[in-house]
1. Could the peptides 94-104, 226-236 be put in order, highest first, of the mean number of other beta-carbon atoms found within 10 Å of their residues?
2. Count of lysine pairs in the chain with Cα atoms under 22 Å apart, counting only pairs 8 or more residues apart in sequence or on different chains?
3. Output the peptides 124-136, 65-77 sorted from most to least packed, where packing is the average of other Cβ atoms within 10 Å over each peptide's residues.
4. Once every DSSP H run of n ≥ 4 in the chain is given -39500 (n - 2.57) and the sum is divided by its residues, what mean residue ellipticity at 222 nm do you get, rounded to the nearest 500 deg cm²/dmol?
5. Enter the Cα centre distance for the pair region 54-89 and region 250-282, rounded to the nearest angstrom.
6. If amide H atoms are built 1.01 Å from N in the plane of the peptide, which residues on other chains or at least 5 residues away come under 5 Å of the amide H of Phe218?
7. Of all DSSP beta bridges located in the chain, what percent are antiparallel, nearest 5?
8. Going by amide H atoms built from the backbone, whose H comes under 5 Å of the H on Tyr150, apart from near neighbours?
Amino acid sequence: MGSESGSRPDDMLSGGPFPKTRAMFEKVRKFMRSPGLYTRRIGRLCQKLVSGIWGEQSFFLEGQMDIHPKSLWHEPRFVAEFGGFQIPGEADPRRIEKLVPWDGVRRDLLILLLRSVIVRGVPGALAELGVYQGATARLIHHYEPNRRLYLLDTFSGFGERSVAEESRYTGHPVEARTFSDTSMAKVLAAVEVVNGNVTPVPGFFPDSVTEDLARESFAFVHVDADLYAPIHSGLEFFYPRLNPGGILVVHDYNAWPGARKAVDTFMADKPEVPLPMPDKSGSVVIVKQ
Ligand SMILES: C[S@@+](CC[C@H](N)C(=O)[O-])C[C@H]1O[C@@H](n2cnc3c(N)ncnc32)[C@H](O)[C@@H]1O
C-alpha cells in the first residue's frame, strides 16, 4: 500500500522504495515505544566509546563481572543455576560490601575466593593480617559472618621497627607513620561487627600472636601488610595452619617490593604455585594442597 502512494510518512514505514530508510524509521519507532529494550545496547555503546578514548589512561572503565546484577552482560539464568556471587541453595543472600571504586576487581576476587572455600566445605577460621581502617575486613566479615575472623594489626600503622626491617630486607624506604590514622575502636565501628565472631589481635606481628591464634587452623587468610618482614612472617605462621583447599591471598605482589620478595622467597620450596591476579595492586593467590 505504502509503496503505491509513496508520499505519506506512514508509507515510508510500511513499504516504499527506500528499504534502508524504512528500516531505520522502524527502529526509531520501536525505540520510542520501548526505550528500555535498548538500555543495554546504549550502555555498551557508551562503554565502547569511553574505553576507546580512555582505555590506556591511568583510570579505565571496567565492566562489572557478568554475574553482577548490573553487568551489561548479566545473564540471570546462569546466576539462578550456579549462584553467581551467592551460595547455591541459601535462602538469604550474603552481604557484599563495597570497596573503593578502583578496587572492584579485588572485591570480586576476595568474595569469589571466600565463596569457593564455603562451597567446598573447607573447615577453619578466617584471618586478615593488615587491617588499617577495616575496609577489606568488613567485606570478609559480612560475606561470611559465621566463622571467626581474626584481625591482626598494630592498629597504629607502621612503626620505626617496620622502617628498619624494610630497609634491611628490601632497601625500600617507607615512612614510620604510614597508616597511623586508625585505631582498634575505629576499625570495629567501621566493620560493623554483627556477632561475636570478630577477634582483634593488636600489636606488632608476629610478636602479637596469641595462644588461641596459634592453636587455630584456617580456611581463608588475607595478608595485606605491604612490607617484607610481616608478610614473610605471615606466610611462615599461616601456611602450615591452612587446611587443604584453604586459600591464602597476599595483596600487593605487583606493587610493593617487600610483598613480591616475601612471597617468592617463602614459596620457592613449596609445591603450590602462587597465582598472580589482575586487581589494582596485583594480589597473589595460593591454594593449599
Ligand atoms: C595496606 S594496610 C591494610 C589495608 C586493608 N587490608 C584494606 O584493604 O582495607 C597495611 C596494614 O598493615 C599493618 N602492618 C604492617 N606491618 C605490620 C606488623 N608487623 N604488625 C601488625 N600490623 C602491621 C599496618 O599497620 C597497616 O594497617
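1. 226-236, 94-104
2. Going through the chain pair by pair, I get 12.
3. Most protected by this proxy first, the peptides run 124-136, 65-77.
4. Mean residue ellipticity, 222 nm, calculated: -12000 deg cm²/dmol.
5. Value for the Cα centre distance between the two parts: 26 Å.
6. Distant-sequence amide H within range of Phe218: Ala125, Leu242, Asn243.
7. Antiparallel: roughly 25 percent of the beta bridges in the chain.
8. For Tyr150, whose amide H was placed from the backbone, the distant partners under 5 Å are Leu126, Ala127, Glu128, Thr199.
No value in this document is a laboratory result; all are computed from the given coordinates. Quick caveat, the model's predicted, so the values are computed rather than measured. FYI the Cβ positions are ideal-geometry reconstructions off the backbone, even for glycines, and counts take in every protein chain you see.
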